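One structure is given here, and the rest of the page talks about it.
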Amino acid sequence: MPISPPTNLFPPGQLLTDPVELIAYEADAGFERATPDAVFLPESAADVSRLVNWAAANGTPLIARGAGTGLAGGAVAAHGGIVVALARMNRILELDARGRTALVEAGAVNLEVDAAVKKVGLYYPPDPSSGRSAAIGGNLGTNAGGPHCFKYGVTTNYIMGVEAVLADGSMVQLGGPVVDAPEYDLRGLVVGSEGTLAIVTKATLRLIANPPGVKTMMVSFDSVEQAGQAVSAVIAAGLAPATLELMDKRGMEVIEEFVSAGLPVDAGAALIVEVDGYPESLDAQIEEIADLLADNGGYDIRIAQSEEEREQIWYGRKSAAGALARLATGYYLTDVTVRRSLLGQVLHEVTAICNRFGVETASFFHAGDGNLHPLIPFDVNDPEQKELVHQAAQEIFELCTSLDGTITGEHGVGLEKRNYLPLMFSGAELAAMDDVKDVFDPQKLLNPGKMLPDALPPVERARPILPRGAVFAPADADAAAAGLLGCTVGRRTVTIGGAPEPPAWPEHRADIWLSTANLGGVETFAPEDLYVTAGAGMTLADLQAFLAPHGLHVPLDSPWTDATLGGLIAANVNAPLRMRYGAARDVTLSVTVAMADGRVIRAGRPLVKNVAGYDLTKVFVGSRGELGLLTDVTLKLNPLPRARRTLAAPVNDLAAGLAWAEAALHHALVASAVLLVQDQPVPGLVHTPYTLLYTAEGMPEDVDAELNAVAASMRRAGASLVIETDLDGGGVWREFLARAWRRDAEPDLLARMGVPAKDLGAVMAGLPALAGQHGRYLMDCASGLVYASHRPADADEGRLWLLSLREAAAARGGYALALTLPRDLAGQVDPLGYEPSAAAIMGRLKRRWDPAGILNPIDHGLG
């Protein structure tokens, strides 16, 4: 039934109701169409909040819209209502070059944001093909990707926080410029949710250094299968090209019929490879890759020697959409993703499917991340042909999901694919997603009819079995779910840990100690696809030892050799190397979870690109075991760096050391640690109050170039002595935490404080001094984290010291949590000391998934 839009609430021109004006908002770039009742053009978050308040009171659907470039019907008003078009909210509000963040409104255009940050030497990697017009809010809604995802990741890896309007009209801040705040990663749920959970009004973007050089080449192959094998050889050699784009023969023919791009149409496939980094490394990278490709069947290797030649190589690939538009009145663009090693097999079977239905196809691939785009041209005015295309698409979805792939890698679910989600997810998994929707939007007014199917499959639950004794050590996810449901029914509280027996924390202990000791070992190792699946009870040290002979590692770190994968991920433990490889949330591709209500769910897939359904994986990272038990984890692998070197500079004055760190960070492209450490001995240096350490790792030429530039900058900033040392930043961080948290003795009061990186100097200037045996500080200058270890004389001193940290952090929008507490403070001090903006949502989600509140009822910090 048509609604009566609230025209009296807003100035003229903000609320459109003229039927002619509404036509432009009937569709996005897909095929679905529906006319909204009105279109709202907000100019501020307050405008959005006011409309949502009205809509909640009147039961009116709201559909957030960016630039309308989506391909799955995500911005179509399928159930009527008001389209909230955010194009007027398009400002870049803040660009923080020191902290490498940008605060932008949801309507800011992707390409304009990237151009603005490049002016200060930074880079925003997500670059969908619609980037010239696509809005950041729309990119965020679909977790957009692009051709650079293999090396740099997707949108969620660059969203530090969002300001959003919830379904009741209230405003909430999820995440922000402060990293690792002790809260559920709700921003990870909102990213990729297609406007079904909240309306995002602002986003804090993570930026990285803009690589100063790039080099491009095109290589021909006899077949896509051969090209796929060559890509695997490049990856196996420890190389990480910025782009690996693949076109099949038919795709090139279609393009050449449209424009004369010089594509090798006589070849079975063509691969575009792009490398980036310091200019000193480009020739070595491209030559090594060219040799590997030639050894694996590549020929007609064209290496661009100028920007003009580079543009010519890309010209053909970028002309694909226009070329296909000539073939028919429309085309269906599928967006499936599989493991990259399966690309050749999948293309062969996709071609067979299309031939069987009598429809044509041309294929384009993001070969590095396994994302296929088979394009099927057809006459949109021919219902029979349209039905054949949809039948072919369904079989393509069935094929890819049977291979543990996804129905959508970057375009989203929208209206188009929601009924295919049961191909990927069980009833329990879809029910968990529906729980998330209910928690955020109980009236289901935000973008209704999107993302989830109307009918969910039945939910299977374990039969409750109450564990016997005080220790429960399940051997698999099903046994864990049965035991947890037994504890829920029996109202028995559970603490989760990796040790076979509970630690000596009588004041913290729950009724049952759930040990992950029997959930160990490597379950799947796929070096060709750069992932590993291991039991949550396996230690990180054992996994790294398993991977090292293969030239690979998981870019996570821990000071403790007995730290388990599940424990580190549930606690969101991030070492300084996050600046090089991303945080735990970026490294974790998938988890299997046993839940307190007897469900077992698998969140995510072993893929870099997967935007089917809500990203449940993110919310379990950092949830401290409060939402479920991780039983296995799938982690992204990286090649071991070919070079790792560290510079050290003695520092007498804290302010000077922070200034030198800022000068050094300007160059951080391959840095894996920039630390200012109190009381840190360095062989070859006279002992000073502080030491600045800068570690870089990667290609030897990149490391050389960066450390030369860093040393020069530090000297210009006033550092009189800069030397190379055998220490590395990661090792110093591990030693610092291990010394403070001794397993065989009374622990220190070890705190972690998080503030915006740009505010680190101001915050440190106001903190109480620590010296000698009373404690010391370690500053992770890139991340804005401060680790503080203190041995207070008594409980009152410790309490006041922790309070001073929390007050200093809170003044800058940060936090300070206690990682460990001496026994006389345990039970007397809240380890977290932090109230998230989204505490109410966190509480509702906790109650939905853990209705009896049995899981980790008392938090132990990292323990």
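Listed here are the residues, each with its yes/no results for (1) of a type in the set (Asp, Glu); (2) more than 29 Å from the chain's Cα centre (by Cα); (3) modelled with pLDDT of 95 or more; (4) surrounded by 17 or more Cβ atoms within 10 Å (Cβ to Cβ).
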residue	(1), (2), (3), (4)
Gly486	no, yes, yes, yes
Pro500	no, yes, no, no
Pro503	no, yes, no, no
Ala510	no, yes, no, yes
Glu523	yes, no, yes, no
Gly535	no, no, yes, yes
Ala541	no, no, yes, no
Trp560	no, no, no, yes
Asn572	no, no, yes, yes
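Which condition does Ser720 not pass, out of (1) in contact (Cβ under 8 Å) with a residue 24 or more places away in the chain; (2) open to solvent by 30 Å² or more (accessible area, probe 1.4 Å), if it passes all the others?
Just one mismatch for Ser720, condition (1).
Being in contact with a Cys (Cβ under 8 Å, 6 or more places away or on another chain) and closer than 26 Å to Asn210 by Cα narrows it down to one of Leu665, Leu692, Leu669, Leu707, so name that one.
Numbers: Leu692 fails: in contact with a Cys (Cβ under 8 Å, 6 or more places away or on another chain); Leu669 fails: in contact with a Cys (Cβ under 8 Å, 6 or more places away or on another chain); Leu707 fails: in contact with a Cys (Cβ under 8 Å, 6 or more places away or on another chain).
Only one candidate passes the filter, namely Leu665.
Name the residues in the range 458-484 that are more than 30 Å from the chain's Cα centre (by Cα) and β-branched (Val, Ile, Thr), would you?
Within the range 458-484, Ile465, Val471 meet the criteria.
Where in the range 92-156 are there helices (runs of 4 or more DSSP H), lying wholly inside it, with at least 1 residues that are surrounded by fewer than 24 Cβ atoms within 10 Å (Cβ to Cβ)?
On the way: elements: 110-118, 136-142, 149-152.
It comes to 110-118, 149-152.
Would you check which residues across the range 767-787 are at pLDDT below 95 and of a type in the set (A, V, I, L, M) and list them?
Selection gives Leu767, Ala769, Leu770, Ala771.
Please verify whether the range 447-459 includes one or more residues that are in a strand (DSSP E or B), touching a strand residue (DSSP E or B) at 6+ places or on another chain (Cβ under 9 Å) and over 18 Å from Leu627 (Cα atoms). Quick ask: steps written out before the conclusion?
Of the range 447-459, the ones in a strand (DSSP E or B) are none.
Looking for residues that are in a strand (DSSP E or B), touching a strand residue (DSSP E or B) at 6+ places or on another chain (Cβ under 9 Å) and over 18 Å from Leu627 (Cα atoms), one finds none in the range 447-459, hence no.
Test of understanding: among Gly238, Gly228, Gly195, which residue is buried (at least 24 other Cβ atoms within 10 Å of the Cβ), in contact with a strand residue (DSSP E or B) (Cβ under 7 Å, 6 or more places away or on another chain) and touching a residue at least 40 places away in the same chain (Cβ under 8 Å)? I'd like the intermediate steps shown before the answer.
Working: Gly238 fails: buried (at least 24 other Cβ atoms within 10 Å of the Cβ); Gly228 fails: in contact with a strand residue (DSSP E or B) (Cβ under 7 Å, 6 or more places away or on another chain).
That would be Gly195, the only listed residue that is buried (at least 24 other Cβ atoms within 10 Å of the Cβ), in contact with a strand residue (DSSP E or B) (Cβ under 7 Å, 6 or more places away or on another chain) and touching a residue at least 40 places away in the same chain (Cβ under 8 Å).
Cβ-Cβ below 9 Å, separation at least six or inter-chain, first residue in the range 668-691 and of a type in the set (Ser, Thr, Tyr), second surrounded by fewer than 16 Cβ atoms within 10 Å (Cβ to Cβ): which pairs?
That search, which allows pairs on different chains as well, returns Thr688/Asn652; Tyr690/Asn652; Tyr690/Asp653; Thr691/Pro681; Thr691/Leu685.
Let me spell it out: the conditions are (1) in contact with a helix residue (DSSP H, G or I) (Cβ under 8 Å, 6 or more places away or on another chain); (2) under 26 Å from Arg339 (Cα atoms); (3) not small (Gly, Ala, Ser), and Thr564 meets all of them except one. Which number is the exception?
(2)
State which residue pairs qualify: first residue among the small types (Gly, Ala, Ser) and inside the range 374-401, second residue open to solvent by 20 Å² or more (accessible area, probe 1.4 Å) in any location, beta carbons under 7 Å apart, and separation of 6 or more residues or different chains.
Taking only residues 6 or more apart or on different chains, the pairs are Ala392/Phe357.
Considering the range 14-43 alone, what residues qualify as being open to solvent by 40 Å² or more (accessible area, probe 1.4 Å), of a type in the set (Gly, Ala, Ser) and either part of a loop (DSSP other than H, G, I, E, B) or in contact with a helix residue (DSSP H, G or I) (Cβ under 9 Å, 6 or more places away or on another chain) (or both)?
Ala29
For the range 180-189, does any single residue satisfy the condition of being open to solvent by 10 Å² or more (accessible area, probe 1.4 Å), farther than 26 Å from Gly814 by Cα and either within 13 Å of the chain's Cα centre (by Cα) or in contact (Cβ under 8 Å) with a residue 60 or more places away in the chain (or both)?
No; the residues of the range 180-189 include none that is open to solvent by 10 Å² or more (accessible area, probe 1.4 Å), farther than 26 Å from Gly814 by Cα and either within 13 Å of the chain's Cα centre (by Cα) or in contact (Cβ under 8 Å) with a residue 60 or more places away in the chain (or both).
Restricting the search to the range 44-76, which residues are of a type in the set (D, E, K, R) and open to solvent by 40 Å² or more (accessible area, probe 1.4 Å)? Spell out the reasoning first.
Our first condition is that a residue be of a type in the set (D, E, K, R); within the range 44-76, this holds for 47, 50, 65.
Matches in the range 44-76: Arg50 only.
Checking the conditions here, which among Pro453, Pro442, Pro457, Pro448 is open to solvent by 50 Å² or more (accessible area, probe 1.4 Å) and either closer than 27 Å to Ala594 by Cβ or in contact with a His (Cβ under 6 Å, 6 or more places away or on another chain) (or both)? Show your work before the answer.
On the way: Pro453 fails: open to solvent by 50 Å² or more (accessible area, probe 1.4 Å); Pro457 fails: open to solvent by 50 Å² or more (accessible area, probe 1.4 Å); Pro448 fails: open to solvent by 50 Å² or more (accessible area, probe 1.4 Å).
Within the list Pro453, Pro442, Pro457, Pro448, the selection yields Pro442.
Residues in the range 586-596 that are farther than 11 Å from Val621 by Cα and either of a type in the set (Gly, Ala, Ser) or surrounded by fewer than 22 Cβ atoms within 10 Å (Cβ to Cβ) (or both): how many? Working first, answer last.
Kept after step one, since they are farther than 11 Å from Val621 by Cα, are these residues of the range 586-596: 592-596.
Adding the requirement that they be either of a type in the set (Gly, Ala, Ser) or surrounded by fewer than 22 Cβ atoms within 10 Å (Cβ to Cβ) (or both) leaves 594, 596.
Number of matching residues: 2.
If I ask for residues that are touching a residue at least 60 places away in the same chain (Cβ under 8 Å) and either open to solvent by 20 Å² or more (accessible area, probe 1.4 Å) or of a type outside the set (Asp, Glu) (or both), which ones from the range 255-274 would you list?
So in the range 255-274, the residues touching a residue at least 60 places away in the same chain (Cβ under 8 Å) come out as 255-259, 271, 274.
Of everything in the range 255-274, those that are touching a residue at least 60 places away in the same chain (Cβ under 8 Å) and either open to solvent by 20 Å² or more (accessible area, probe 1.4 Å) or of a type outside the set (Asp, Glu) (or both) turn out to be Ile255, Glu256, Glu257, Phe258, Val259, Leu271.
Out of all the residues in the range 1-36, which are in contact (Cβ under 8 Å) with a residue 40 or more places away in the chain and among the β-branched types (Val, Ile, Thr)?
Ile3, Thr35, listed by residue number.
Only one of Leu819, Leu825 is closer than 18 Å to Val755 by Cβ and open to solvent by less than 20 Å² (accessible area, probe 1.4 Å). Can you tell me which?
On the way: Leu825 fails: closer than 18 Å to Val755 by Cβ.
Being closer than 18 Å to Val755 by Cβ and open to solvent by less than 20 Å² (accessible area, probe 1.4 Å) holds for just one of Leu819, Leu825, which is Leu819.
If you check Leu388, Leu347, Leu327, which single one turns out to be out of contact with any Asp or Glu (no Cβ under 7 Å at 6 or more places or on another chain), assigned to a helix (DSSP H, G or I) and either open to solvent by 50 Å² or more (accessible area, probe 1.4 Å) or not β-branched (Val, Ile, Thr) (or both)? Break it down into steps so the answer makes sense when it comes.
Details: Leu347 fails: out of contact with any Asp or Glu (no Cβ under 7 Å at 6 or more places or on another chain); Leu327 fails: assigned to a helix (DSSP H, G or I).
Selected residue: Leu388, the only one of Leu388, Leu347, Leu327 that is out of contact with any Asp or Glu (no Cβ under 7 Å at 6 or more places or on another chain), assigned to a helix (DSSP H, G or I) and either open to solvent by 50 Å² or more (accessible area, probe 1.4 Å) or not β-branched (Val, Ile, Thr) (or both).
The values are calculated or read from the model by the stated rules, or taken from the named source; none is laboratory data. Fair warning: this is a prediction, and the values are worked out from it, not measured in the lab. Virtual Cβ from ideal backbone geometry, glycine too; neighbours counted across all protein chains shown. Calculation scope for accessible area: heavy atoms of the full protein, side chains included, ligands and nucleic acids excluded. Shrake-Rupley method; radii C 1.70, N 1.55, O 1.52, S 1.80 Å.
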